[in-house]
Amino acid sequence: MFKPNFHYTHKIVNNLTAIAKARAVILNAPLIPKWEVSLRREALLRSAHSSTAIEGNPLTLEQVSELAAGRDIMVRRKDKKEVLNYLEALEKIPEFAERKPFKLSDLLELHKLVTRDTLENPADEGSLRNQQVAVVNRATGQIIFMPPPTDRVGALVEEFLEWFNSEEVNEIDPVLEAGLAHYELVRIHPFVDGNGRTARVMASIVLFKRAFDIKRFFALDDYYDKDRRAYYAALKTVDQDSLDLTGWLEYFTEGVAVSLKAVEDKVIGLSQDIKFLKERGQIALTDRQVKIVEMLLQNEKLTIGQVKDLFGFSRQMALKEMTKLVDLGVVRPKGRGRGAYYELV
């Protein structure tokens, strides 16, 4: 069975402490359902964009958002398919997390989902590799990492899955388990292509399975994509003889901490000083109304003209939207004439 080799450092412990603090704030924040949907959707889109971008997909976040909304865009079919596949894989994380034990057939199904209709040889989609591969720097052609020999792949994957399904993983912090699973799959490189994307989805499956990311609010892939050199450098820190994963886990836990801190800040911004959350319970707001509240949290007051410009409304439409929020008890009007504005209740 796979036996991960690492030790706790001050950096890992500090990162895990920061993660626990941010997670507690996020889970206990008084968010209304519409905001939770908005945060979850944002994390989904950023994950799909970042994870595919790391491996060379050129689509922008805006284009990924268009695809997720079901709109067609003029890009290469392969680039479009990679993003759509990854979005589908992310949507199915709860389903994969329920599979106990998680079998080789499940891993192959996940890989096929991630790579469907994107590889040169369709037979490679959802199949363990049958040839030696290498991780190469696209710019220089230099070999960055040489995975284990092909004839060792099957046995290594089975050893990994034995550990993944064992009782002892429950004694490891879920963030560390996610980091360990991520690295080991990248190290084995069980597929001809799509190893990174599959490994990153597996890390998310771990966090959901362990009830860590139950609301699915954060996008860890975003952290990797912002500094791809650091991501690959962290993967390279692991000595291939000792397989000491301490340095990688320092990087991985820092990524989770940074990602969760961003969500924590967003959640605090959304929920601060909004009395109606406590007084009236949960109020279902439309996407437009959520944007108005977010803008009020940033600017403290908002005029009809600003609402009009924000959505491209007529003045009458903007006034109608704000009147709805007044009736809900979310905002109140202040002032008169040209000096009139709205503020949160």
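The values are calculated or read from the model by the stated rules, or taken from the named source; none is laboratory data. These figures come from a predicted structure and were not determined experimentally. Cβ coordinates were reconstructed from backbone atoms using ideal geometry, including for glycine residues, and neighbour counts include every protein chain displayed.
Do any helices (runs of 4 or more DSSP H) entirely within segment 6-99 hold 1 or more residues that are closer than 23 Å to H111 by Cα, and if so, which?
33-54, 61-68, 77-91, 93-97
Among the numbered criteria (1) within 23 Å of L220 (Cβ to Cβ); (2) touching a residue at least 60 places away in the same chain (Cβ under 8 Å), which single criterion is violated by P58?
(2)
Is it the case that segment 87-96 has a residue that's in the same structural domain as R210 (by TED's automatic domain parsing) and more than 21 Å from the chain's Cα centre (by Cα)?
no
Do you know which residues across segment 288-303 are of a type in the set (V, I, T), assigned to a helix (DSSP H, G or I) and surrounded by fewer than 19 Cβ atoms within 10 Å (Cβ to Cβ)?
V290
Which residues, taken from segment 308-345, are touching a residue at least 24 places away in the same chain (Cβ under 8 Å), assigned to a helix (DSSP H, G or I) and touching a Phe, Trp or Tyr at 6+ places or on another chain (Cβ under 9 Å)?
E321, M322, L325
Has segment 139-146 got at least one residue that is in contact with a Phe, Trp or Tyr (Cβ under 7 Å, 6 or more places away or on another chain) and hydrophobic (A, V, I, L, M, F, W, C)?
Among the residues of segment 139-146, at least one is in contact with a Phe, Trp or Tyr (Cβ under 7 Å, 6 or more places away or on another chain) and hydrophobic (A, V, I, L, M, F, W, C), which makes the answer yes.
Run down A178, A199, A203, A123 and say which single residue is in a helix (DSSP H, G or I) and surrounded by fewer than 18 Cβ atoms within 10 Å (Cβ to Cβ).
Going through A178, A199, A203, A123 in turn, just one is in a helix (DSSP H, G or I) and surrounded by fewer than 18 Cβ atoms within 10 Å (Cβ to Cβ): A123.
Pick from R152, R116: which is farther than 26 Å from E88 by Cβ, in the same structural domain as E82 (by TED's automatic domain parsing) and of a type in the set (D, E, K, R)?
The match here is R152.
(1) charged (D, E, K, R); (2) modelled with pLDDT of 95 or more; (3) surrounded by fewer than 17 Cβ atoms within 10 Å (Cβ to Cβ); (4) under 30 Å from T286 (Cα atoms): which one isn't true of K80, the others all being true?
(3)
Looking at segment 179-189, can you tell me whether even one residue there is over 25 Å from V13 (Cα atoms) and modelled with pLDDT of 95 or more?
Yes, because at least one residue in segment 179-189 is over 25 Å from V13 (Cα atoms) and modelled with pLDDT of 95 or more.
Looking at (1) at pLDDT below 95; (2) assigned to a loop (DSSP other than H, G, I, E, B), which is the one condition that is false for L260?
Failing condition for L260: (2).
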